[in-house]
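Each remark here refers to the structure printed beneath this line.
Just so you know, all these numbers are worked out from the coordinates, no wet-lab data involved. This structure is a prediction, so every number in the text was calculated from the model and none was measured. Quick reminder, even Gly has a Cβ in these numbers, built from the backbone with ideal geometry, and neighbours come from all protein chains shown.
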Ligand code: AMP
């Protein structure tokens, strides 16, 4: 299957070719014809599957063929709701990239930056608005935008928006749109809450479901290092230096922890930056740009801040701390081994985290390979302590996970030390439990 067989216009095809793509990903091959045919869509697809182009390309086409060709002042024709600022910027970039030969205007609307420039753009009129729910509501309250002309609505990463507590905002926004419109919903999971949302919104939707473009089993080698709580920093520095990692995404559980770790790495001479919800939009964008340009080698991020980061072929992901919720592990390691390249996902696990590790292994339906590095062997006398901070420390208004971490995990088995050329953990596993 080629892009040329999907019924897309020449201008859009040219933009796709300019990106170097000639073969649609499975989600694109399925979704594009359905959206072009005017269907509502319920798509189970995660980041990394090519979903953004899967909705962007047909929307551009529908809008450029549509009756009212250009947007009126205040009145956009398509709205894409996304959970985070980073995703808003990225989706808007995709709209611009694929729409560069078309006379359509788009903008990204998100919080954490001044409202004035966004107001001017919205009032002047754009065809496509990519927005986070909170800031969009601010603009709606100030009458900077009128949703009565929306023809197409996309809810991107709907599960994350609900996780982040946006459900009420979303419902308010939905109430301001015409009933008759085309709606597309993308989500990695389909909880009862999502199904509830879908029921009132989608009209006889087509469903599309794809596996990750690179299932972890194919592309990502995963293992854990057992190490004491207090020695994680030194082990991380050791690993980065020993293997000369030049682009590592490190996950920390809290904003404060991310800052502290980034500073510690800096003192060890490793160029690093922290990415979390307390950083300004400018700081976040700079951190991401520097990381992509390899000016900083380590990005220490919280789960929420890392959502939607799109870096091709990210070679290493490190779970400095395990996530409180096992599904987040799959999200995290989905950051590596994308676009056909292989990657490594490494977790540093201390005695406090055995229960979390067990949860992850249950979700993955297999055990992760355990390794111990000589000089970093865990001290069996150290007892587990509760993990205090919840996973949602970075989210707006959502409650912390609040789970304790005790549990009768069997102690680590000593010691494999083939650290020079670590054997890939094989297996044919594909993590289950994401789609229902
Ligand atoms: P997404 O799932 O939308 O975040 O896309 C993941 C990555 O795949 C992005 O870097 C896209 O630029 C890239 N991509 C999208 N469509 C294709 C395609 N047809 N062929 C190769 N790469 C693609």
* Asked: Bin by bin, in steps of 5 Å, what percent of the Cα pairs in segment 1-128 do you find, going until the bin that has the longest distance?
  -> 2, 10, 20, 24, 21, 13, 7, 3, 0, 0
* If each of residue 142 and residue 123 carries a label point 7 Å out from its Cα toward its Cβ, how far apart are those two points in nm? -> 0.9
* To do: Show me 28-40, 119-131 ranked by packing, highest mean number of other Cβ atoms within 10 Å first.
  => 119-131, 28-40
* Computed on alpha carbon atoms, what radius of gyration and Dmax characterise segment 135-217, expressed in Å? -> 14.3, 49
* Asked: Roughly what would the spin-label model give for residue 113 and residue 14, points 7 Å off Cα along C-beta, in nm?
  -> 2.8
* Can you give the convex hull volume of the alpha carbon atoms of segment 220-396 per residue, in Å³? -> 113
* To do: Along Cα→Cβ, 7 Å out, is where each label goes; now give me the distance between the ones at residue 93 and residue 22 in nm to one decimal.
  => 2.6
* Structure fact -> Per-residue Cβ contact counts at 10 Å, fewest first, order 164, 1 as 1, 164
* Structure fact -> Heads up, segment 1-64 by the C-alpha gyration tensor (a ≥ b ≥ c square roots of eigenvalues; a/c under 1.5 rounded, else a/b over b/c prolate, else oblate) looks oblate
* Can you tell me which of 136-142, 272-278 comes out highest on packing, and rank the rest after it, using the mean Cβ neighbours within 10 Å? => 272-278, 136-142
* Whole Å is fine, so just give me how far the alpha carbon centre of segment 255-292 lies from that of segment 101-179. => 29
* Stretch residue 264-residue 195 to full length: gain in nm at 0.36 nm per residue minus the Cα-Cα span? -> 20.4 nm
* **Mean separation of Cα contacts under 8 Å (6+ apart) over length of segment 3-209, as relative contact order %** => 28
* Computed E for residue 283/residue 242 - FRET, C-beta separation, R0 41 angstrom, nearest 0.05 -> 0.85
